[in-house]
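The structure appears below as structure tokens.
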Ligand SMILES: [Zn+2]
């Protein structure tokens, strides 16, 4: 019998995806924690019995654990900035594992479909005196964006090679995060529970991280916010319409630029179109009306299409059935339904998504 070739990274990924600690997994699999730890760090060969027990408790097919590849590349964005995110660490870890699993799955599609070419520029803030506004304008030029509002930001970045995944985070404490890999499309996770206008800003913020940051820095959050504001609301295009700033005007501007009223008020203040007193009184009004949580004027969520198209090609053109899709992705059918509900629901009837077993 040949020795099972374990890829330790896939073991860690599957365990974190299920939200288990090493000791929980050890108990569930009837293996000593010491062994789990050695397998995960690649310090010991795994026996056939042990990998079977682990695969069963984690509910992943055996070949999942021997596939080559690494977990997604550098984590980018606000996940580093814990000060801002009040999400419990455990939940954050599961979300990150979900992103990594999807990233691993996408790599398995590479043999059958051409993934988009990545056309994301890189700019170093130091080359521009730390001015994120200049970089935002360079990015607009690089992607040939006309002046005025960006009609569909998700489409712009998918056209330039990123893959966007609309995903229910189960919380409103985190809007978006992403992973960067030098040779693969960046994968950006966006939270489907966030209103469309707020999500556009968070997505622009995330693009700022992908383009400007590789390692967390002191000013990264501020830089990404400035980048997002200038990308979505270029000073030259919007400046004159921000004063005087009536509520009627704000509603009109929100519809036109598809960003939140809060972002517009902040923009008006940053561009010195309103003074501090006006800025504060407008925010007080937003709070009083409960608009800080739910603003009026609905801006729909932008729908990503690349991943849905990849599934469409496999099912409708290449004739894959679900079992074959699971074999390709090395996941079980329940996880397929859970991870790709948004994409598959465009192709398959809703009755299909009844998850039978519980993990
Ligand atoms: Zn951030």
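The values are calculated or read from the model by the stated rules, or taken from the named source; none is laboratory data. Fair warning: this is a prediction, and the values are worked out from it, not measured in the lab. Cβ atoms come from the backbone with ideal geometry, glycine included; neighbour counts cover every protein chain shown.
Can you name the residue in region 1-15 that is surrounded by 14 or more Cβ atoms within 10 Å (Cβ to Cβ) and in a loop (DSSP other than H, G, I, E, B) and is also modelled with the lowest pLDDT among such residues?
Per the stated criteria, the residue is 4.
Quick test for you: out of 75, 95, pick the one residue that is closer than 26 Å to residue 344 by Cβ, at pLDDT below 90 and within 16 Å of the ligand (Cβ to nearest atom).
95
Can you tell me which residue within region 16-54, out of those that are touching a residue at least 40 places away in the same chain (Cβ under 8 Å) and closer than 28 Å to residue 324 by Cβ, is surrounded by the most Cβ atoms within 10 Å (Cβ to Cβ)?
The residue in question is 54.
Inspect region 159-170 for any residue being modelled with pLDDT under 90 and at positive phi and give the result as yes or no.
Yes.
Conditions tested, residue by residue: (1) assigned to a helix (DSSP H, G or I); (2) more than 23 Å from the chain's Cα centre (by Cα); (3) farther than 17 Å from residue 258 by Cβ.
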site	(1), (2), (3)
127	yes, yes, yes
137	yes, yes, yes
145	no, no, no
149	no, no, no
170	no, no, yes
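Only one of these is at pLDDT 95 or above and either crowded, with 24+ Cβ neighbours inside 10 Å or within 11 Å of the ligand (Cβ to nearest atom) (or both): 220, 229, 235, 224. Name it.
Exactly one of 220, 229, 235, 224 is at pLDDT 95 or above and either crowded, with 24+ Cβ neighbours inside 10 Å or within 11 Å of the ligand (Cβ to nearest atom) (or both), namely 229.
I'm checking my understanding of the structure. Among residues of region 191-210 that are within 13 Å of the ligand (Cβ to nearest atom) and out of contact with any helix residue (DSSP H, G or I) (no Cβ under 6 Å at 6 or more places or on another chain), which one is nearest to residue 294 (Cα to Cα)?
Ranking the candidates gives 202 first.
In region 175-198, which residue that is over 10 Å from the mean Cα position of the chain (by Cα) and under 24 Å from residue 214 (Cβ atoms) is modelled with the lowest pLDDT?
Applying the filter and picking the extreme gives 182.
In this structure, is residue 247 more than 15 Å from the ligand (Cβ to nearest atom), modelled with pLDDT under 95 and at negative phi?
Taking the combined requirement at face value, the residue satisfies it.
For region 241-288, list the helices (runs of 4 or more DSSP H) that sit wholly inside it and hold at least 3 residues that are in contact (Cβ under 8 Å) with a residue 60 or more places away in the chain and in contact with a helix residue (DSSP H, G or I) (Cβ under 6 Å, 6 or more places away or on another chain); which are they?
Fully inside region 241-288 and qualifying: nothing.
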